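The values are calculated or read from the model by the stated rules, or taken from the named source; none is laboratory data. Just so we're clear, the structure is a prediction, and the values are computed from it rather than from any experiment. No Cβ is skipped: glycine too gets one built from the backbone with ideal geometry, and neighbour counts run over all protein chains shown. Protein only, heavy atoms only, side chains kept; ligands, DNA and RNA dropped before computing areas. Shrake-Rupley method; radii C 1.70, N 1.55, O 1.52, S 1.80 Å.
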Amino acid sequence: MTAASPAPYRVALIGYGLAGAAFHAPLIATTPGLSLSTVVTANPERRARLAAEHPGARALDTPEQLFAEAGEYDVAVVATPNRTHLPLARAALTVGLATVVDKPLATTAEEARALCGFAEARGTLLTVFQNRRWDNDFRTARRLIEAGALGRVHRFESRFERFRPKPKAGWRELADPAEAGGTLYDLGSHLVDQALTLFGPVGSVYAEIDVRRDGAVVDDDAFLALSHTGGVRSHLWTSAIAPLAGPRLRVLGDRAGYVKDGLDPQEADLRAGRRPGDGRPWGVEDPARHGTLGTDEHATQLVTDPGDYPAFYAGLAHALATGTPPPVDPLDAVATLGVLEAARQSAATGNTVLLH
């Protein structure tokens with residue numbers, strides 16, 4: 001910031017596990033207009049990592065300490081296990097802090113809708129970290145769709161598939177529904193959000209949800225078929241037991257199609273310690289991973305748009321400064337949870353579930 005610039009918004013990050021340390025902290029710290037002031041973590045190893053990676057940030061043991069001194073901050077970011085998202089976000093809003101919550105916003109659509117109403121009644125900003133709206137493949141597909149390059153789109157296929165055949169210890173593998181563990185609420189939250197962002201509301205949901213790995217007690221393999229009210233059909237896959245992944249995206253229109261393999265490089269770069277603004281192009285992938293645009297008779301390789309996770313926190317800083325809407329409408333997260341709940345109902349009954 002220059003001498004004439006306003007002071008940066010002071011951000012308090014709650015949680016310094018994978019989400020907090022690899023995603024939120026580096027993005028906050030490199031966003032003009034934001035300052036990573038404090039991180040809540042009592043874990044000694046995580047505190048040591050915080051001191052090494054962000055020496056200017058203070059560490060607190062508990063969220064209650066943070067809320068007791070809420071006047072020292074402008075924003076709270078909730079990057080904790082799913083079951084704590086709702087109570088921590090409500091507590092942050094109660095003390096007047098603009099609040100960012102990692103996905104999913106809550107464990108049920110009803111709870112998420114109530115939280116949105118609470119934030120609106122208090123006039124306090126609430127948004128959800130749906131960072132994969134800024135994946136390279138999704139940004140490219142969205143640009144092609146909006147430009148009409150594919151014609152009228154009728155089918156969207158999207159996958160987040162991994163091969164992790166042995167369950168790992170952690171809350172994501174716990175059977176208690178209150179934990180909102182499993183792949184459906186994890187990667188499925190991104191898949192559904194992307195589909196709704198591109199093609200709007202869903203009228204019906206059919207789903208197959210399974211537990212495939214030995215020793216697993218939460219879903220690790222899921223397929224969702226969404227019928228959008230605008231006529232597009234979305235087929236979505238998420239799996240922890242896919243030894244060979246399918247195409248990351250395939251979008252079919254009446255003029256052309258777009259297909260893309262491989263994952264956006266930003267997550268791997270962040271986990272490896274890279275940071276936006278480090279002097280190298282950010283979000284740019286190897287040309288060998290570029291997708292294909294066209295038809296079977298005439299197809300060409302298409303350069304993938306760069307991924308741009310930094311845009312989320314840049315959008316947050318802009319919303320705070322101008323009073324304009326945040327980068328993600330929290331009601332979008334309510335709609336996503338509604339689809340996920342319908343998917344669970346469909347998988348349990350074998351029936352297609354209608355949404356109203």
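Flag: ALA299 does not match the condition of being open to solvent by 50 Å² or more (accessible area, probe 1.4 Å) and out of contact with any Ser or Thr (no Cβ under 7 Å at 6 or more places or on another chain). Evaluate region 142-151: report whether one residue or more is in contact (Cβ under 8 Å) with a residue 24 or more places away in the chain, among the aliphatic types (A, V, I, L, M) and more than 20 Å from ASP305 (Cβ to Cβ). No.
Taken over region 326-352, the criterion of being in a helix (DSSP H, G or I), of a type in the set (Val, Ile, Thr) and under 14 Å from the mean Cα position of the chain (by Cα) is satisfied by VAL334, THR336. Among the residues making up region 134-158, those that are part of a helix (DSSP H, G or I) and surrounded by fewer than 18 Cβ atoms within 10 Å (Cβ to Cβ) are ARG142, ARG143, GLU146, ALA147. Looking across region 162-176 at every residue that is closer than 17 Å to ALA222 by Cα and part of a helix (DSSP H, G or I), the one that is most open to solvent (accessible area, probe 1.4 Å) is identified as ARG172.
Which residue out of ALA268, ALA288 is open to solvent by 60 Å² or more (accessible area, probe 1.4 Å) and either under 21 Å from the mean Cα position of the chain (by Cα) or of a type in the set (Phe, Trp, Tyr) (or both)? Explain how you work it out, then say what you get.
Working: ALA288 fails: either under 21 Å from the mean Cα position of the chain (by Cα) or of a type in the set (Phe, Trp, Tyr) (or both).
Step by step, each of ALA268, ALA288 is checked, and only ALA268 is open to solvent by 60 Å² or more (accessible area, probe 1.4 Å) and either under 21 Å from the mean Cα position of the chain (by Cα) or of a type in the set (Phe, Trp, Tyr) (or both).
Considering only residues of region 69-91 that are within 21 Å of the chain's Cα centre (by Cα) and free of Cβ contacts under 8 Å to residues at least 60 places away in the same chain, which is surrounded by the most Cβ atoms within 10 Å (Cβ to Cβ)? Walk me through how you get there before you give the answer.
Start the filter on region 69-91 by keeping residues that are within 21 Å of the chain's Cα centre (by Cα), which leaves 75-90.
Checking the rest, the ones that are also free of Cβ contacts under 8 Å to residues at least 60 places away in the same chain come to 84-87, 89-90.
Working: THR84: 16, HIS85: 25, LEU86: 20, PRO87: 15, ALA89: 29, ARG90: 17.
Step by step, filter region 69-91, then rank; the result is ALA89.
Take the conditions under 19 Å from the mean Cα position of the chain (by Cα) and aliphatic (A, V, I, L, M) and apply them to ALA42. Does it pass?
Details: under 19 Å from the mean Cα position of the chain (by Cα): no; aliphatic (A, V, I, L, M): yes.
No; evaluated as a whole, the condition is false for this residue.
Restricted to region 245-262, and to residues there that are open to solvent by 20 Å² or more (accessible area, probe 1.4 Å) and out of contact with any helix residue (DSSP H, G or I) (no Cβ under 8 Å at 6 or more places or on another chain), the residue that is nearest to GLU157 (Cα to Cα) is ARG250.
Contact map, region 21-48: first residue at positive phi and in contact (Cβ under 8 Å) with a residue 60 or more places away in the chain, second residue open to solvent by 30 Å² or more (accessible area, probe 1.4 Å) and not in a helix (DSSP H, G or I), Cβ cut-off under 6 Å, separation 6 or more or different chains; pairs are GLY33/PRO8. Can we say ALA342 is at pLDDT 95 or above and either over 22 Å from SER158 (Cα atoms) or open to solvent by 50 Å² or more (accessible area, probe 1.4 Å) (or both)? In short, no. State which residue is farthest from ALA317 (Cα to Cα) when the search covers only region 112-124 and only residues that are of a type in the set (Gly, Ala, Ser) and open to solvent by 30 Å² or more (accessible area, probe 1.4 Å). My answer is ALA114. Listed conditions (1) surrounded by fewer than 21 Cβ atoms within 10 Å (Cβ to Cβ); (2) within 19 Å of the chain's Cα centre (by Cα); (3) not in a helix (DSSP H, G or I) are all met by THR127, apart from (1).
In this entry, ALA225 passes the filter for residues that are assigned to a strand (DSSP E or B), open to solvent by less than 70 Å² (accessible area, probe 1.4 Å) and either at positive phi or modelled with pLDDT of 95 or more (or both).
In summary, ALA48 fulfils each of the numbered conditions (1) within 27 Å of GLY323 (Cα to Cα); (2) more than 22 Å from the chain's Cα centre (by Cα) with the single exception of condition (1).
Selection of region 177-210 for residues being at pLDDT below 95 and either in a loop (DSSP other than H, G, I, E, B) or among the basic types (Lys, Arg) (or both) yields ALA180, GLY181, GLY182.
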